[in-house]
Structures are given as C-alpha cells and as structure tokens.
Amino acid sequence: MITESTEEYLEAIYRLGERGEAATTTSVAKELKVAPASVTQMLKKLTKRRYLKYTPYHGVTLTPKGEKIGKEILRKHRVMQKFLSTMGLPKSRVHKNACELEHHISNDLEQAIYQKVESERPLPPGVPKSVTPLTGLLDGRKGIISHISGGRGASQRLADLGLTPGTEVMVVKSAIFHGPLMVCVRGTTLAIGRGLASKIFVRAR
Amino acid sequence: MSAAGKKPIRIALAGNANVGKSVVFNYLTGLHQHIGNWPGKTVEKAEGTLHFRGHTIDILDLPGIYSLSAFSIEERVSREYIAIEKPDLVINVVDASALERNLFFTLQLLELETPMIVALNQMDVAKGKGITIDVPKLQESLGVPVVPTVATKGVGLSKLLGKALKVARTKKPAKPLKYGREIEERIRKVTKLVEKIPIKYPPRWVAIKLLEGDEEIKKIVTRANPKITHIAEKHAKELERIHGERCSTTITSERYCVANNMARRSQRIAPAKKPTLTEKLDAVATHPAMGYPILFGIIFLMLFVVFTVGGHLSGFFEDAMEPIKGAFGGSAGELIGEGLLGGLIAGIAIVLPFILPFYLILILLEDSGYLPRAAFMMDNFMHKMGIHGKAFIPFILGYGCNVPACLGCRIMETERERTIAAFVVTLVPCAAVTVVVLGLVGAYVGIHWALALYALNLVIIFILGRIAFKALPGEPMSLIMEMPPYRRPHARTVLKETWMKAKDFVYIAFPLIIIGSVVLTGLKVGGLLEPIGNALSPITVGWLGLPAIAGVLLIFGVLRKELTLVMLATLMGTSNFGAVLTPTQMIVFAIVVMYYIPCIATIAALVKELGWKKAAYITVFEIAFALMLGGIAFRLLTLL
C-alpha cells in the first residue's frame, strides 16, 4: 500500500526533474514546504523501498517504479487543477484541493475528467510547461516530439511518416496567411496542415 | 521446356511514393503494360509482362505508400494483395537517400512474411547528398538480398531481376523483426490464438494489427472468434498503460527505432557543405513574395498551353471530320453521321487535344516535384472550401475543363477527400460554361452581371464545399504530404504514363459520349424533341420563366455545355439573342447552365473516380440545385 506522503514525495521529485533541477534534501524540502530533517528520513525510506536511487552528491533520482507513480500523481494533480478551476473554484483553493484529491481518484475517473476538460485546452496535463505546439516554433528551429493529440487516423498517418514521440523535427518554414508548415524529419521533408501541426507538441531545443 | 509452358512468375513492386518505383516498372516492362483499376476500387493497378532468361514474369506495380495501416485505400489494396494473392516475390524499392523512412516500410513488408528482395534505388541521389551505404551490412540486418540500383539509368536492374528469380524460386519467406520484450510477449500470446482460426493473413501479422487496433483486421477476426479481439484489446490496454500512449503509436515507434538503428549502422552521411539544389529552388518556389507569382505563372502557362494547343487541335479535328459526318443521307444516315460519328468526333475532339497535353503537363509537374509545393502554398485557401492544398490543382483545372479536373482528384489520399474534391470541381464553371455566360449575359446584359455570376459561383462553391465537408462521414484529413526533392523528369516514364492514362480514359469516356450522342440524335430524328420540351415546360416555363425551347437546349447541353448556345441560335434562327430572350431569362438560363449537370464526359470521369453511385448522387443533386437556384433567381430578378 502506498501512502499519501509517499505519493506526495514522488510527485515533488518528478516535478523537480521536469524543471531540470536535482532532487536534493534541500530542494525537496523547499518544494514540499517541510523540514529538511524529515525529508532525509523519508528519502532513505523510499530508497529502501526502491522508489528512489541515491547517488552521492547528486541527490536522489526516481527508479522506473517511482517515476511511474510520480508522473501519474502529477498528471492527476493537473487534471484536478484544471477541473476545479473550470468548476469556478477560487484560485487560492484550487491548488490545495487538487493536492488532496490527486490521491483519491482512480485512473478511469481521471481519464473521464481529462476527456471533458481537454476540449478547452489542447495541452494535456502531465505534460511539462516547456512543451509547445509545433506551430510555436520559429522557422529553422528544432524540437523533440513529446506527443500528438490529433485523431486516430491523423496521428497514425503522422507516425507512419516518421513523426513518433521522441523524434527530432525541424520547422523549415511556414507558409504565409497561416498556411501549412514544412518540416524536416528523419531526413525527409514533409508539409503538414497548420491545424494538424498545432496538435503536434514538441520540446523546443 | 519452353517459356510459354511454364507458369509465369508473379512479382509485385512495393515501396514509398517518390522512390522511382514507376521508373523501375517502366524500365522492366517497356510497353507491355496495362493500367486499370483494382476491382471495385478507384485505385490504379499497373501490370506488365517481361521475358527474362526464358522466364515469363508478370510484374504488378503496387501504389506508392508509406505504411500498411489501413489509412488509405491504397494501403489496404496493397496489403490484401501481398497477403492474400501471395505473389511469388515482392521487390521493395527503397530510396537510398531517405533510408530510415523507407526501411520503416520495409520492416512492415517483412512482417507479411513474403519472399522479398530490396532494390536500393536512387543511389546517385544518395551520393549527391553525401550518403554512402554499406550494402552487405544492410543486407545482413534485413535478412533479405539488397541490390543497389539507379533505375533512371538502368543500373543494377538486370542484377535485380537475377536475384529476384533466385529468391522467387526458393520461396523463402522473410523473417519479421522482434519488438521489445513486453510487446513481444503479448504478440506471442495473441498469435497463438489467431493460429487457431482460419485466416488468410500471417497469424503474427494479424496479432500485431489487432494490438494496433486495426479496424479491418478486427472485423475479420471478430467474425471468426470475437473472444480473440477482446483479449487483444485487453493486451493493448495494458501496453497503453505501460507506455502511456496509444498502442499503435508504441508499435510504430518501435519499428522506427529498429529502422533508425539499421540505417545508422549501415550508412555514413558526410556533413552537407552547401545548400542542395532543392533547398535553393525551394527558397524561391515557396518564398512568400516570389512563390505566388511563380505559381500563378505556371498555372497560366499550363491553362494557356492546354487550351490553345487543345483548341487548335480540336478545331482541326472537327473541320477534318465535318465532310464525313455530312456524307450520310436520310434519317438513318443522320443517326449514323450525326449521332455515332458526331459522338466519336466529339470524343476525339475533347480527349486527344485536351486530355493528352493536360496529362503531359500534370505528370511533368508531378515528376519534377513542383506539385507538392503548389499544394503547400494553397493549402490555406483550399481549406476554406473543405479540402486541403492538394486539391488546388484539380480546382484550377476545372476552370478549363471539368474532365481532367475530376481525374486529377485522384491525388487526394482518402475516399472522403477525393469525393469532396470531385464534387467541388464539378461546380467550377469550365470553358464551355464561360462561353455561355459571356455569350449571353456578358454580351447582352452587361459584363458586370457576368462577373457577378462568377463571384456568386465562388461563394456557392465555398458554401457547398463546407457543407460536404461537414456532411460526409469519416475523419477529415489535413494536409500531410511528403515534399520530395526536385528532380529532372524522366522523359520515358513521363511519356509512357501520359499515354497510359489517356488510353485508360478513352475506354471509359468514349462509349458514354457516343451512346449519349446517338440517343440525342435519335430523339431529334424521331421528332421527340418538341414533345419533350413541352413535357418539361412546367419546369422551364412555369418555374424558371424561360421559353419552352429551353428544355431541349438543356438536354443537348448534357453532351457539351456550349451546345446550349449553339442550339439556341439554330432553333431560334438568329444569333441576336437580345431579340428572343429578356435579360432576366438570360441570367436565369446562364445560372442553370452553370450548375445543372456535369457534362457527359465529366460524368464519365466521376464514374471512373468515385463509382456509379456517387456520380449519380452528384448529378442528381446538381440538377436539383440548379433548378432551385434558377427559380429563386427568376423570382428575385422579376422583383427588381
């Protein structure tokens, strides 16, 4: 049985990793707003349970097992956050409530809520903020595909042409009047309609 | 034993678009080829025969595709052919200059467990890009023979055929790749279940497709045993949970990962020093300021060439044939002379002069790599009428003649996109309609009224295009297309393809045009025109406010739209239309002619591209729509 505080810790460490920060006792303590002493103890416990790996001088990193939980909880947190603010809850309470609810919703419920709120914001929760749609890249810039949120047929077609998650793409140029994008991927050049290109999310390089 | 006594060896060519597959095909088969459609599908099927070392080889050129997911009709046709018809060998033509993307498709072919060899084509292009490929290494990782070729120069093709014969004889099926452990485990489990049901595809391939959620394979398996589909779906869900993305995406990613590894291990790429020719050309051709003038220049040139060359040739043919037509006397003679021969002449006068130059230019543009650039530039504009950039070429052609325009809609990938494009194209006023609009409205009512009709037409195209976009079932497809490098067109391939395509059209259109012509002449000879005109008068006179004779004119217009004007002059005995029609009547008449029906040759083209049913729907809709619009225009104009 995973306790709420375990989940809370893994989420915080995942969040730090997403921002590119090392997870040390100090940074985790700051992230969770708790005393460094209790953090040290908890990190030890989590390492023993193989959620974390401890490297001297580099702090802790998530094991695959730990990463899965951390990512899931963070995703749930963001889904709940979006959901609560859509429901009209005051901003001050959204974060706090999301922090509580994230531990209690099932994957199915999270999926259902996500489907509902997704239509209002194309950027799915659980995806780092540094991710932008392909249309956000300037000509000549590169990005790594993080995910594609298009319909089944379109995503399959894009994947078939080499646009799979983790692939590097370069925007060669975009046509004027909001036209399509010319992109370079896996050594070939493709033209992609703007609507579809806006559903391809990349991490800018 | 003689070559004739042996069963011919069946070889299929498969590969991505723009890899030089048709060049290989044309080189191997020469003029011994036949282009038709796949039974019941509007996908081109090119077959040819060749004799090599005493063997007869039947070669089939499969459409150029990027994957074997059932995304497009072409992909479905290809995989069905390979898995069910089981050719003796598949030659996978691969573009050496884009190895990774091409190997992705190769890996999918391997999964179909068919005997196969790889033609590593465009070695010269790869060299130009600074890519060197270690062929033995690639051969080793793929597990099938690899033959480097330069098809445009015929290099390596006889070696390819030699290898092909050897592999076809041994019939050794290719070995599919292995996936990651968690996927492989589930593939194995599902494969075991699939092996128990009778199915024509390789079980492992079926298992993979089930995990990918392939609708068509799911249907086939469900029919045999719905439990298997269920279990596969469960496994797919598990994989989705592990990887956090659609199972099909995971499997596609894995394939690309393998392709990437293979490509990396077997090729060396020298860093590019200077921009390639394609990059330099693209800088101009898709430049925001220079690109559009170039595009419109090319379009203008194309229309100009097609219609001046076509117009001259067409007039020449008709003049030359005129004496023959008149040589038959009596009513039976008229039926033959005007009906049969007239139809034949109309056919020749349209097809040869217009279709041939049109195809030649279109294939030249396609082969050189410019067409995708035009689509890229016009995508946004075309989007407003519910289709994407690729439909721009057929759309513009429509202003010249709807027939090649409809045939050009073939470049759209999915049935849905093709249908919308063909529908939009038939609404575009062609040159013959322009004759009527300018000859009546432009000359007698005022040029601004004629221009207004064109503006209205554009508005209507946008509205109806949007409606078709919303109403047609299926997922709307945005523009996704490859931008191949520019190339010097390969003369032999271009000419041969032009000829084959034109020939193909003749078979479809000629019978319809001739039958139509004979029937109409029959009506005229039999004295049925007047009764028909009278029978139609509730519509023509009552609803549209036109003279009774309009019914007959409109019937003739089905054959060729400019005939409405020619017949009007003949039947009224004057070419001063101002004396016989009121301005309102002229406008209403022009509107009806503009929309009422695609001419018979266009209907033939629609049948060829979309099938009888959709062609009939479009025809009936346009008749109803024209009558409605004409009636409304009549009432509004009388109010003025």
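Beta-bridge orientation, the protein assembly as shown: approximately 70 percent antiparallel, per DSSP, counting only bridges with both partners inside. Note on the range A:125-204: Rg/Rh from Cα positions, Kirkwood definition for Rh, rounded to two decimals, is 0.92.
Taking the protein heavy atoms of the range A:125-204 in the context of the full set of protein chains, the accessible area attributed to carbon and sulfur is 57 percent at 1.4 Å.
Treating the angle as unsigned and between 0 and 90°, give the value, to the nearest 10°, between the Cα long axis of helix A:91-101 and the longest Cα principal axis of chain A. Once rounded, one gets 70 degrees.
With 24 Å as the limit on Cα-Cα distance, the pairs of B:K45/B:K561; A:K199/B:K614; A:K199/B:K234; A:K53/B:K237; B:K159/B:K503; B:K501/B:K608 that go past it are B:K45/B:K561; A:K199/B:K614; A:K199/B:K234; A:K53/B:K237; B:K159/B:K503. Note that the protein assembly as shown presents 44 Å² accessible area per residue, ligands and nucleic acids not counted, probe 1.4 Å.
If B:W205, B:W499, B:W543, B:W612 are ordered by their accessible area, calculated over protein heavy atoms with a 1.4 Å probe, which sequence runs from highest to lowest? List each step's numbers first, then the result.
Numbers: B:W205 0, B:W499 125, B:W543 95, B:W612 175 Å².
Sorted descending by solvent-accessible area, the residues read B:W612, B:W499, B:W543, B:W205.
How about the range B:43-138: which trypsin sites (Lys or Arg not before Pro) there lie in a loop by DSSP and see at most 10 other Cβ atoms within 10 Å? Numbers along the way, then the final one.
Working: sites: B:K45, B:R53, B:R76, B:R79, B:R101, B:K127, B:K129, B:K137; in loops: B:R53, B:K129.
When the trypsin sites (Lys or Arg not before Pro) of the range B:43-138 are filtered for loop state and at most 10 Cβ neighbours within 10 Å, B:R53 remain.
Taken about its Cα centre, chain B carries a charge dipole of about 2580 debye when Lys and Arg each add +1 at the Cβ and Asp and Glu each add -1 at the Cβ. Chain A and chain B together bury an accessible surface of about 3200 square angstrom, both sides counted, with a 1.4 Å probe and no ligands or nucleic acids included. Once all protein chains are placed together, B:M477 keeps about 20 Å² accessible to a 1.4 angstrom probe. A simple count of charges around B:V441, restricted to other residues whose Cβ falls under 15 Å of its Cβ and scoring Lys, Arg +1 and Asp, Glu -1, yields 0.
Quick one: check the C-alpha center-to-center distance for the range A:143-181 versus the range B:283-297, whole angstrom. Between the Cα centre of the range A:143-181 and that of the range B:283-297, the gap is 24 Å. Given a 1.4 Å probe and the protein chains as shown, B:K6 ends up with an accessible area of around 70 Å². The calculated pair-distance distribution of the protein assembly as shown uses every alpha carbon pair, bins of 10 angstrom beginning at 0, and gives 2, 11, 18, 21, 18, 14, 9, 5, 2, 1, 0, 0 percent.
How much of the pair distance distribution for the range B:502-604 lies past 18 Å, counting alpha-carbon pairs only, in percent?
Working: 2673 of 5253 pairs.
So the portion of pairs separated by more than 18 Å is 51 percent.
Estimated from helical segments only, the mean residue ellipticity of chain B at 222 nm is -19000 deg cm²/dmol, where each DSSP H run of four or more residues counts as -39500 (n - 2.57). Once the Cα atoms are used to define both axes, helix A:4-18 deviates from the longest principal axis of chain A by about 40 degrees.
Could you state the per residue volume, in Å³, of the convex hull enclosing the Cα atoms of the range B:352-480?
Details: hull volume 13.6 nm³, N = 129.
So the per-residue Cα hull volume is 105 Å³.
Sparse packing (at most 12 other Cβ atoms within 10 Å of the Cβ) combined with a DSSP loop state is found for none of the chymotrypsin sites (Phe, Trp or Tyr not before Pro) in the range B:76-179. One Cα centroid belongs to the range B:416-450, the other to the range B:93-155; the line between them spans 49 Å. Taking only the Cα atoms of chain B, the ratio Rg/Rh comes out at 1.03, with Rh defined as the Kirkwood radius.
Within the shell defined by Cβ-Cβ distances under 13 Å, the residues around B:I294 carry a net charge of 0, with Lys and Arg each +1 and Asp and Glu each -1.
List the relative contact order of the range A:1-105 as a percent without decimals, with contacts defined as Cα pairs under 8 Å and 6+ residues apart. Could the numbers behind the result be given before it?
On the way: 105 pairs, mean separation 29.3, N = 105.
Once normalised by length, the contact order is 28 percent.
Shown for chain B are the DSSP H helices of 24 Å or more along their axis, judged by Cα atoms, with a mean Kyte-Doolittle hydropathy of at least 0.5: B:291-326, B:447-471, B:491-525, B:612-639.
Can you give me the % of accessible surface on the range A:22-65 that is carbon or sulfur? Probe 1.4 Å, all protein chains present, nothing else counted. Present the calculation step by step, with values, prior to reporting the outcome.
Values: 1910 of 3160 Å².
Carbon and sulfur together cover 60 percent of it.
The values are calculated or read from the model by the stated rules, or taken from the named source; none is laboratory data. Since we're looking at a predicted model, the values are computed, not measured. Every residue, glycine among them, receives a Cβ derived from its backbone with ideal geometry; neighbour counts consider all protein chains shown. Keep in mind that these areas ignore ligands, DNA and RNA; they rest on the heavy atoms of the full protein, side chains included. Shrake-Rupley method; radii C 1.70, N 1.55, O 1.52, S 1.80 Å.
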